[in-house]
Each structure stands twice: as C-alpha cells, then as structure tokens.
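> Below you'll find the structure I mean.
The values are calculated or read from the model by the stated rules, or taken from the named source; none is laboratory data. On a predicted model such as this, the values are computed, not experimentally measured, just so you know. Cβ sites come from the backbone with ideal geometry, for glycine too, and all protein chains shown count toward neighbours. Side chains are part of the model used for accessible areas, which takes the heavy atoms of the whole protein and leaves out ligands, DNA and RNA. Shrake-Rupley method; radii C 1.70, N 1.55, O 1.52, S 1.80 Å.
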Amino acid sequence: MKIVIANGTHEADFIIKKFKKDKHDLIVINSDKDFASYISGSNRIPVLHGDPTKLYVLGDAEINYCDVFIALSTDDIDNYVSCITAKKVFNAKRVVCVVRNPKRVDLFKKLGIDSVISSTYLLGESIKNESIIENFIKTISIENNNIVISEIMVEDNYLLCNKKIKDANFPNYINISCIYREPEVIIASGETQINAHDKLIIVSTPRDHDKVISFIQRTTLDNE
C-alpha cells in the first residue's frame, strides 16, 4: 500500500517503523528540518522537508492516489488542510487526521475526513479498526477466538471482482456470510455477483484466516 505520513515527531517515527516492517510504500513529509533528518537517518528512507499543507509540496512528494494519508501535526487545522488537499486534489483513498481538540472529531468527519483520532496513543489501534492496513480488512474473534469474522473490501483488480460466487471457485474454508453493498446487506447465493467495493463478511477459523485474505486479494497481476 502507498501510505503518506505528514509531519509528527516520535509518533511518526514509531508508525514509519511499523509500516516499513510490513513493507508498505512510504512517502514521508515533515516541515521540521531537524526531525526530517532524524526520521530519514533512523529509518533509512527519504524524507521530504516541506509543509504538507502546501499544494506544491504534496505535488513534489507525488502522493497521487495514495491508499492512506496520515496527518500528525500538533496543529489540528494544519492536519485538516493537508488531509482535505490530499483527498480532493490528489485523490487519496483514505485520510486520517490526528486532533488535539476532541470537539473537532465530529466536525472534521462531517467536513470529509475519513478517520479523526483525538489521541496519538490510540492511533495504532484506530488504524487497525478503521481498516487502513491489510487493504481495508476488519477482523473480530468470538467464542474464545475459535471463530474469526472478517470484513474485506473488494478492489477493482481482484480476480473475483465481477464474478458470480458460483464461478469464483471459493475453497471450502471460505464461508461468505453476507455482502455489504452500501446501503444494502445482501445474503449471498451462488448467483450473487461480487462487485468492486463490496465488503465481504466471511466466517472462518483462526487457522485459515491468512489463507482467506490471500485468496480474496488475488489480483489480475498474479495471473500474468
């Protein structure tokens, strides 16, 4: 995934290390010259020194069509401006904004920010819950972790996109409970076609969870 991290200090450094470990494509922008140098040296990645609220800086960083844009400035308004610019001008698929004032959470969401987080401490868990990592996957476990329920969004380039369930050759360890196609919930049958941006609700065992994700996320490139 292409992930942009704009500003932030030690929390940015922590998140960069986590995402780098997961081998995501990272673009890092920081307006603090000294900390930009520190992050670059600490993580052995290039860091663009610049103000992420500026259109030309985001353009220079080539953030176009990024999967996630995360704004970590200590200034709430700066975070909002950079997120909205990334979303409206550069077509970021999802924008995440950290705010210090919790009263701005609902306001920023109404104004178009996908995820607004009022505490840096909650950032890692919120990213997980908001389905940013693993290509928009949500997972919960029930019955003492013996049953896993996953919500996986179908992307345009997935092999099963535009196929009927009966033609998708699902293995027996995948059980599609239902499909959420905004604003409807569809109880799937063999004749149900899977469309781009459908959210598949899948029941599996913990043992098969990784295989479920791998199967669903097979792309057209995998067959080339």
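> Based on DSSP H runs of at least 4 residues, each adding -39500 (n - 2.57), what is the mean residue ellipticity at 222 nm of the chain after dividing by all its residues, to the nearest 500 deg cm²/dmol?
Values: 7 runs with 64 residues, N = 224.
Computed mean residue ellipticity for the chain: -8000 deg cm²/dmol.
> Give me the net charge for the shell around GLY190: Cβ to Cβ below 13 angstrom, other residues only, Lys and Arg +1, Asp and Glu -1.
Values: positive: LYS163, LYS164, LYS166; negative: ASP167, GLU191.
Counting the neighbours of GLY190, the net charge comes to +1.
> Please turn the phi angles of region 102-115 into ³J(HN,Hα) values with the Karplus equation 6.51 cos²θ - 1.76 cosθ + 1.60 (θ = phi - 60°), one per residue in order, whole Hz, x for glycine and proline.
Per-residue couplings from phi come out as x, 5, 8, 4, 5, 4, 5, 5, 5, 8, x, 7, 5, 9 Hz.
> Can you sort ARG44, ARG207 by solvent-accessible area, 1.4 Å probe, largest first?
Listed by decreasing accessible area, they come as ARG44, ARG207.
> Further question: Once ligands and nucleic acids are excluded and a 1.4 Å probe is used, how much of PHE69 is accessible, expressed in Å² to the nearest 10?
It works out to around 0 Å².
> Still on this model: Tell me the angle of helix 76-88 to the major Cα principal axis of the chain, expressed in degrees between 0 and 90 and rounded to the nearest ten.
50
> Tell me, in nm to one decimal, what length is gained between LYS21 and GLU151 on full extension, where the rule is 0.36 nm per residue of separation less the Cα-Cα distance?
My answer for the length gained is 44.4 nm.
> In addition: In whole Hz, with x marking every Gly and Pro, tabulate ³J(HN,Hα) for region 13-29 from phi via Karplus 6.51 cos²θ - 1.76 cosθ + 1.60, θ = phi - 60°.
With the stated coefficients, region 13-29 comes to 4, 5, 5, 4, 4, 5, 5, 5, 4, 7, 6, 7, 7, 9, 10, 10, 10 Hz.
> Compute the angle between helix 33-43 and the longest alpha-carbon principal axis of the chain, please, reported from 0 to 90 degrees and rounded to the nearest 10.
Result, in degrees: 40.
> What accessible area per residue comes out for the chain, rounded to a whole number of Å², with a 1.4 Å probe?
55
> How many nm separate the modelled label positions at ASN169 and GLU62, each set 7 Å beyond the Cα in the direction of the Cβ?
3.6
> Using modelled backbone amide H atoms (1.01 Å from N, in-plane), which distant-in-sequence or interchain residues come within less than 5 Å of ILE194's amide H?
Result for ILE194 returns ASN162, LYS163, LYS164, ILE165.
> If you roll a 1.4 angstrom probe over the protein chains with everything in place, what fraction of the accessible area of region 1-114 belongs to carbon and sulfur, to the nearest %?
50
> Between ASN101 and TYR38, what's the calculated FRET efficiency when r is the beta-carbon distance and R0 is 35 Å? Round to 0.05.
0.80
> Could you give me the ³J(HN,Hα) list for region 55-70, computed from phi with Karplus coefficients 6.51, -1.76, 1.60 and θ = phi - 60°, whole Hz, x at Gly and Pro?
Taking θ as phi minus 60°, the curve returns 4, 5, 5, 5, x, 4, 7, 6, 8, 3, 6, 5, 6, 9, 10, 10 Hz for region 55-70.
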